[in-house]
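Trainee: Please see the structure below; I have some questions.
Any read-out appearing in this document is the output of simple, stated calculations on the displayed coordinates, not a laboratory observation. All values reported here derive from a predicted model rather than from experimental measurement. Quick reminder, even Gly has a Cβ in these numbers, built from the backbone with ideal geometry, and neighbours come from all protein chains shown.
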Amino acid sequence: DPTSKLCDGIFAENLLKFILRPHAHLGLDRSNIPSPLAASAVIDELLLESPDIADAAQHVSQLWQKPAETKECAISIQDSKVMTDKPILDENSVPSCLENLRRDDLEVTFLGTGSSQPSKYRNVTAIYFNLFSNGSLLLDCGEGTLAQLKRRYGMEGAESAVRNLACIWISHIHADHHVGLVRILTLRRDLLKGVSHDPLIVLGPSQLKRFLDAYQRLEDLDMQFLDNKATTLFSWETFELDNGSNKNNELVIERDEDVKNGNLTSCRESCSQGSSKRLKLSDPVAKIETFALLNRLKKVLNEAGIERLISFPVVHCPESFGVVLKAADRINSIGKAIPGWKVVYSGDTRPCSEMIEASQGATILIHEASTYEVATFEDGMAGEAIAKNHSTTKEAIEVGNLAAAYRIILTHFSQRYPKIPVLDEISMHRTCIAFDLMTINLADLHVLPKLIPYLKLFFRTEMLIDNSDDHVEEAGL
């Protein structure tokens, strides 16, 4: 019976072809399918291209030793001299929050470090905070975020990460920061089907709620939305005051007055149209719903070991925000109080006073650096950053230095820089460059700046993509 006969299935492979013409060659062509390489073969091929890597690997392994035991790096990279002539790290300068830190406290994984659209080497923005037994968080969620989680942690690990999410925070409405959100939400919904749970809290700009509400007409996303403006410092103070006195009849979220200072731009000047300065919830029902959700957010964060999540306005598009995550203080084995770490994420922004103020004393400042300002580039690079409300590498580092951040991690790179950006002679003693799927444990922060010469060794043969390839405008939904 022909209907009972099943067709043979063929598994697709990279570069597998099926030839239709000429008829003499009809059929599958497997000649271009790459043969799988063992790990040892990949290493041998890499060493053949760059013999210096063998010595560099030994130096990298020594970075986790005590400074007195670490041999000086001998790799021949011109601008690594400043990194090796004097110690980068004085042990006395290590923040007290890193004292006796456990490796299961916090890991930050960069799921996407590019801007605008995915490229061969960098996906668009998403940052995963692994709090281990306390759960996890996502800051921004560009397209392909779920796929990146699967690449980094495997299928089961990605599902576990999504299942244990405490909340998702979105900086602004541009597509490269939120389009992957629906896939995460629907997967979590399916994983927790039949299990008692609360909807996931999604924080973001008010425009994002309209997008999510429209999508929920198609299928349930099992989430609750909270406007970022409800999590500013002033809003939290109003919430706490209202909870304590129960006398306020109106929740008011207001941005602080900002003054233009040198190269720093005021949010009030840049975020004019479409960016409300006040959110008034005079409707008692709306106020009750918002305060109930803030109460639940506070509980969820506390269970994750996060004392505070504070959004603050930045200079990009209307209703753009950065965020501060502050961990709860802890008590060490001898009863000493250890302050909690502080991580600040800029979202997309020009350097501004709000950014510097929020980043004061940060353990980690994750700052966008979409455009590069170096001598070999045309003068239009800085102008492009200003026109599109982004920051250059130099500006991002200056923000971190002004805020006395312990470590600055640059991300959200223009896709014209496929692997590593060209850097000038800026002091990089506090700075590291993020790559897709890079995981940074909080206990390893002291070694981050020392990695830059080795990263340059890996990518020293890479050339810049032609500038004309990177004029894709950011799209908002």
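Trainee: Would you calculate the separation in nanometres between label points at Asn441 and Lys150, each defined as 7 Å from the Cα along the Cα-to-beta-carbon direction?
Mentor: Simple spin-label model gives 2.8 nm for this pair.
Trainee: Another question, if that's okay. Determine, at each q value in 0.20, 0.24, 0.25 (inverse angstroms), the log₁₀ of I(q)/I(0) that the Debye formula gives when each Cα of the range 163-248 is one equal point scatterer.
Mentor: After summing over all Cα pairs, the log10 values are -0.95, -1.16, -1.22.
Trainee: If R0 is 60 Å, what FRET efficiency do you get for Asp213 and Ser40 from their C-beta distance, rounded to 0.05? Working shown, then result.
Mentor: Working: r = 53 Å, r/R0 = 0.88.
Computed FRET efficiency for Asp213 and Ser40 comes out at 0.70.
Trainee: Another question, if that's okay. Take each of the peptides 25-32, 107-114, average the number of other beta-carbon atoms within 10 Å over its residues, and list them starting from the highest.
Mentor: Sorting 25-32, 107-114 by mean packing, highest first, produces 107-114, 25-32.
Trainee: Could you please report the charge total around Asn295, scoring K, R as +1 and D, E as -1 over all other residues with beta-carbon less than 14 angstrom from its beta-carbon?
Mentor: Neighbour charge sum, excluding Asn295 itself: -1.
Trainee: While we're looking at this one, here's another question. Which of the GluC sites (Glu not before Pro) found in the range 138-220 are in a DSSP loop and have at most 12 neighbouring Cβ atoms, other than their own, within 10 Å?
Mentor: Numbers: sites: Glu143, Glu156, Glu159, Glu219; in loops: Glu143, Glu219.
Listed in order of number, the matching sites are Glu219.
Trainee: Another one. Say R0 is 56 Å: what FRET efficiency, to the nearest 0.05, do Ser61 and Lys17 get from their beta-carbon distance?
Mentor: 0.80
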